[in-house]
Amino acid sequence: GALRKELESGRKPPYEFECTLVRSDINNFTQIFSSDKREAFMEVINDFFIGVTHLVSRYGGSIHEFVGDEVLFYFKDDDHESSSAVAIAALRDINKLAMKMSERTESEGGYAFRIKSSLSHGTLRFGPLVDGFALAGSPLIESVRMLSHVHEKSENTVLFDESLTDSVSGLCRSKRQSVVMLKGLQGARTLVSLEAFTPLSLHLRQGDEKGLKFAKYYRDDQDICEILDFVTSFQGKIDSKDLNRLISMFRSYTVAKSSAAIKRSFIKCLEQTLQVATYNEEQTHLLSSLISAASHILTEKEWFGEIRALMFGCLTHPNRRVVANTLDVFGQFEPAAGERIFNELAKQGDNRIVANLLVKEAKKEWNKKVARKVKAMLGGQSPYAKASGLYALGEISRFLKRTD
């Protein structure tokens, strides 16, 4: 959970951070819980909260807590270009999940499953409290007060302060609801209600950098498939640099549970990219990015079989970056096999592969031996060796900053 993440962040509490906090509440909980449908209802809630956990993780957020019929989660400003935009994107997928749950409850129990949510941007403090640690701050209070102004319970609803409108305008359409005083907080607030989410297809149809940059805010299985299918269809029709940027966005994804649909779309995209890359060298950048994406949008379940066979063929590709990225993916899904292949190729002295090998060694243990090897690459005569050494040093530094 969030408290464990904060404790393992390397920062010494107490400390503060800016974030967008979301509070989602299940409508009519007390009424349904008090009926004879209680046990079935609790199973639905459990499945819903499991799904919410996966989605929040996929968008790089943290679950703060589950309290009865509520779930609280947040997205840090330090981790995202716009924490409010990411929060809205996650809520879009959570609302989709709620509608799936509703299909189930209407069929099995005769009642609708709806949620109401509020967003609040501000400062949270993480620090000691009684015998443990806790989060505190105005977003926790503000989000509660906002939900008290939700009166429509037959639909999934989202409320937020008008000050967030510009941050989320590319992802949704909203309207002013009311000017209110929130109990315990100073000053009047203009509350805005979300009317509709912007579909991914609208951004993709623009086909330019401005439109494609919004793709990073679409991370459910259907959206990932749509992005992969778009890249498959538009190779040669759209600048390969734009397609490469689109695929590179997957590096910020964390997919704990993938799907057969994503696997099928990935295979089609990889086959098409391999075919085009044989006669268009510019496509090798797209190919290397797509290979790296595998470790972010697929799991071990999807790896074996056709994807593994296609990736194995990439180990003999003439482009060093393609080979290096393929080795990284093998290392994730098949550590033992990846290690053997890595060591064999490293004997050939390829700078990029040697650099990746040093990164792997450093992640196991940063010691004088690894440091000397990195220093030797940086001090070499070859500019390619120096560039690879700088790459290794950067990757090692990022890893140690995140984990040590």
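Derivation of every value follows stated rules applied to the coordinates shown; laboratory data play no part. All values derive from a computational prediction rather than experimental measurement. Positions of Cβ are generated from backbone atoms using ideal geometry, with glycine treated the same way; all protein chains shown enter the neighbour counts.
So how strong a dipole does the stretch 275-404 carry about its Cα centre when Lys and Arg Cβ are +1 and Asp and Glu Cβ are -1, to the nearest 20 debye?
760
Each label point is 7 Å from the Cα along the Cα-to-Cβ direction; what then is the distance between the points at K237 and E281, in nm?
According to this spin-label approximation, the distance is 2.8 nm.
Which three extents, in angstrom, do the Cα atoms of the stretch 200-348 have along their principal axes, listed largest first?
Its Cα atoms span 47, 34, 22 Å along the three principal axes.
With a 10 Å Cβ neighbour count serving as the proxy for reagent exposure, in which order, fewest first, do T165, T284, T254 appear?
T254, T165, T284
Within 10 Å of each residue's Cβ, count the other Cβ atoms and sort C19, C225 from fewest upward.
Least to most surrounded, the residues fall as C225, C19.
Along the charge dipole of the chain, which of F342, S57, T20 sits closest to the positive end, that is, farthest toward it, with unit charges on the beta carbon of Lys, Arg, Asp and Glu (+1, +1, -1, -1)?
Farthest towards the positive end: F342.
Counting every Cα pair in the chain, what percent are over 32 Å apart?
45
Can you find, among I227, C172, N351, the residue farthest towards the positive end of the dipole of the chain? Put +1 on the C-beta of Lys and Arg, -1 on that of Asp and Glu.
N351
Okay, which of the stretch 140-175 sit inside 17 Å, backbone N to the point 7 Å along the Cα-Cβ direction of L3?
Hits in the stretch 140-175 for L3 at 17 Å: 140.
Aspartates and glutamates near K263 by alpha-carbon distance under 15 Å, same-chain residues fewer than 8 away left out - which ones?
Cross-link targets: D220, D221, D223, E226, D229, E271, E300, E302, E306.
Going by amide H atoms built from the backbone, whose H comes under 5 Å of the H on A134, apart from near neighbours?
Long-range HN contacts for A134: G127, L129.
Where does the stretch 2-197 land on the Kirkwood hydrodynamic radius, alpha-carbon pairs, in angstrom?
17.4
Please give, to one decimal in nm, the separation of the simple spin-label points placed at N367 and R398, each 7 Å out from Cα toward the Cβ.
Spacing of the two 7 Å Cα→Cβ label points: 2.6 nm.
Assigning unit charges at the beta carbon (Lys, Arg +1; Asp, Glu -1) and nothing else, what dipole magnitude in debye, to the nearest 20, does the chain show about its Cα centre?
Value, rounded to 20: 1300 debye.
If you take the beta carbon distance between E306 and S154 as r and set R0 to 60 Å, what does 1/(1 + (r/R0)^6) give as a FRET efficiency, to the nearest 0.05?
Calculated transfer efficiency: 0.85.
Expected output is a single nm value to one decimal: the length gained when fully extending between Y384 and S35, i.e. 0.36 nm times separation in residues minus the C-alpha distance. What is it?
118.6 nm
For the chain, which longest stretch is free of loop sites, where a loop site is one of the trypsin sites (Lys or Arg not before Pro) that DSSP puts outside H, G, I, E and B and that has at most 15 other Cβ atoms within 10 Å?
12-152
With respect to the cross-link table entries K96/K257; K363/K401; K116/K183; K96/K301, which display a Cα-Cα separation exceeding 21 Å?
Distance filter (> 21 Å) returns K96/K301.
For the stretch 1-100, report the % of Cα-Cα distances exceeding 19 Å.
46
Looking at the chain, identify the longest residue range that excludes and avoids all GluC sites (Glu not before Pro) in DSSP loops having at most 14 other Cβ atoms within 10 Å.
156-280
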